[in-house]
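The values are calculated or read from the model by the stated rules, or taken from the named source; none is laboratory data. Given the structure is predicted, the values throughout are model-derived calculations rather than measurements. Heads up, the Cβs are rebuilt from the backbone with ideal geometry, glycines too, and the neighbour counts pull from every protein chain shown.
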2 protein chains.
Amino acid sequence: MTANRIPVIEIFGPTIQGEGMVVGQKTMFVRTAGCDYSCAWCDSAFTWDGTGKNEIRMMTADEIVAALRDTGGETFSHVTVSGGNPALLAHLDELIALLHREGIEVALETQGSRWQDWFLQIDQLTISPKPPSSGMNTDWAVLDNIVESLTANRRSLSLKVVVFDEADWQYACGVHKRYPHVPFYLQPGNDDLTEADPALLLARLLERYKALVDKTMASAELRAVRILPQLHTWLWGNKRGV
Amino acid sequence: MTANRIPVIEIFGPTIQGEGMVVGQKTMFVRTAGCDYSCAWCDSAFTWDGTGKNEIRMMTADEIVAALRDTGGETFSHVTVSGGNPALLAHLDELIALLHREGIEVALETQGSRWQDWFLQIDQLTISPKPPSSGMNTDWAVLDNIVESLTANRRSLSLKVVVFDEADWQYACGVHKRYPHVPFYLQPGNDDLTEADPALLLARLLERYKALVDKTMASAELRAVRILPQLHTWLWGNKRGV
């Protein structure tokens, strides 16, 4: 049997999941390299723009679990797979199965541009379609199929949209209207990925979060919604690996 | 038919739920008066210490829903009942049923000192047993029964413990060990309920949150845990009614 290898660019933790449906969760992170998107404001562009290529290691599921244990010891029971877009990887099922055998839950975030059968094995799946400010286009047929398949199989699923501007807001309203029964999360965009002072960044992020909260509170269109910041950037700024 | 009345001390919103299992949720708040506890650090002591007695209105379920609509219009589909301890109120089932008939979800938080049959109708129930720093004693037999009944009925349930100090931390570990299969939330205590400057308060709350995150990350005892701040105090400080 040949062991399949996965392009891994970061393994770190334990830390908190800073955003989305499992916000605050104690978790380890496995970040995979490679993306089919190139969002204008991507906060992990090193996973796909070539700047991180020397950090990529091709690892088997066994090697990834060993690396997680090396880093996190026995302090964790939750792993988050992030990217890049981990949905590009057909063989992620091996890692998911191995983690489950150790009693570890697995969360994953992807933009919803591609289906993988192993989506059905993920404990908390966040689909985060990208709004107009990203420069990307949503393939609604693909997204419809993903949401339908997950819902039919009663999987733990959420939709999350990052909002930078009015066009993004309209897009978010459209996503919620299209999939009204899927738990829906809004997140303010971080428009300053270079600010090195966490305190200055925090003041800015807090204002942006407040503005999104205010706008959402006044809306009759977005009612069943959760608005969350990126807690990790509030705590640690734009630093990587926390 | 006589309409039962509920002692209501505040109705406000829509705003975000700032803490716990539905953090970030757009919601209206109904705060009931009266508590069987008197926690040393209670952030809503006006509900039970007499200072808010002139604000209490005895309201029927119909009147509460009308007041919610007066305040929130059509912008909401979620209501949070808080206290005080709303579990003191035997007739809350009428309000819950009325809200459900309008398609509105109901969340509720209580300390787990008393059972009510209508717990089984709550969409998201947070049980928040109080740690030693509160000065209160936990009745474990009552809490065991509450957790068992809710779990047996597969209700959406979480446990949340506020942590101020080392004794609270040990208490939290004990709660998690006693009920390992119930989603478990830690929250740093706000030890400054009088600071009027939100920016000064935020710096302090951020440090306390970071410290609790760091301590939890290093622990092999607390693994399946979510650590969350009180987002509303980060945004609005110690202000009431937001």
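Taking region A:212-242 as the search range and keeping residues that are hydroxyl-bearing (Ser, Thr, Tyr) and part of a helix (DSSP H, G or I), which one is nearest to the chain's Cα centre (by Cα)? Working first, answer last.
Taking region A:212-242 and keeping what is hydroxyl-bearing (Ser, Thr, Tyr), we get A:216, A:219, A:233.
Checking the rest, the ones that are also part of a helix (DSSP H, G or I) come to A:216, A:233.
On the way: A:THR216: 22, A:THR233: 14 Å.
Only one residue tops the list, namely A:THR233.
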Region A:140-164: number of residues that are under 25 Å from A:CYS39 (Cα atoms) and polar (S, T, N, Q): 2
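Take region A:66-86 and flag every residue that is under 17 Å from A:ASP123 (Cβ atoms) and within 14 Å of chain B (Cβ to nearest Cβ).
Selection gives A:LEU68, A:PHE76, A:SER77, A:HIS78, A:VAL79, A:THR80.
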Where in region B:16-133 are the strands (runs of 3 or more DSSP E), entirely inside, with at least 2 residues that are crowded, with 17+ Cβ neighbours inside 10 Å? B:26-32, B:78-82, B:105-110, B:124-127
Might you let me know whether region B:57-79 holds any residue that is polar (S, T, N, Q) and closer than 16 Å to B:ARG155 by Cβ? no
Going by the conditions given, is A:VAL8 of a type in the set (A, V, I, L, M), within 14 Å of chain B (Cβ to nearest Cβ) and in contact with a Ser or Thr (Cβ under 9 Å, 6 or more places away or on another chain)? no
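Tell me yes or no: at least one residue of region A:164-175 is among the charged types (D, E, K, R) and in a loop (DSSP other than H, G, I, E, B). Show your work before the answer.
Within region A:164-175, the subset among the charged types (D, E, K, R) is A:165-166, A:168.
Narrowing the set further to residues that are in a loop (DSSP other than H, G, I, E, B) leaves A:165.
There is at least one residue in region A:164-175 that is among the charged types (D, E, K, R) and in a loop (DSSP other than H, G, I, E, B).
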With respect to B:LEU150, determine if the residue is aliphatic (A, V, I, L, M) and surrounded by 16 or more Cβ atoms within 10 Å (Cβ to Cβ). yes
Residues B:ALA61, B:ALA66, B:ALA97, B:ALA40: which one is touching a Leu at 6+ places or on another chain (Cβ under 6 Å), among the aliphatic types (A, V, I, L, M) and over 28 Å from A:LEU228 (Cα atoms)? B:ALA61
I need the full set of residues from region A:183-233 which are more than 30 Å from B:GLU105 (Cα to Cα), facing another protein chain (nearest Cβ under 9 Å) and surrounded by 15 or more Cβ atoms within 10 Å (Cβ to Cβ), in order please. A:LEU202
Among all residue pairs at least 6 apart or on different chains, which show Cβ distances below 6 Å where the first residue, located in region A:118-139, is within 22 Å of A:VAL23 (Cβ to Cβ) and the second is among the hydroxyl-bearing types (Ser, Thr, Tyr)? A:GLN124/A:SER156; A:THR126/A:SER158; A:PRO129/A:THR138; A:PRO131/A:TYR171
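Identify, from the list A:GLN111, A:GLN25, the residue that is under 24 Å from A:HIS232 (Cβ atoms), modelled with pLDDT of 95 or more and either away from every other protein chain (no Cβ under 14 Å) or in contact with a helix residue (DSSP H, G or I) (Cβ under 7 Å, 6 or more places away or on another chain) (or both).
Numbers: A:GLN25 fails: either away from every other protein chain (no Cβ under 14 Å) or in contact with a helix residue (DSSP H, G or I) (Cβ under 7 Å, 6 or more places away or on another chain) (or both).
Going through A:GLN111, A:GLN25 in turn, just one is under 24 Å from A:HIS232 (Cβ atoms), modelled with pLDDT of 95 or more and either away from every other protein chain (no Cβ under 14 Å) or in contact with a helix residue (DSSP H, G or I) (Cβ under 7 Å, 6 or more places away or on another chain) (or both): A:GLN111.
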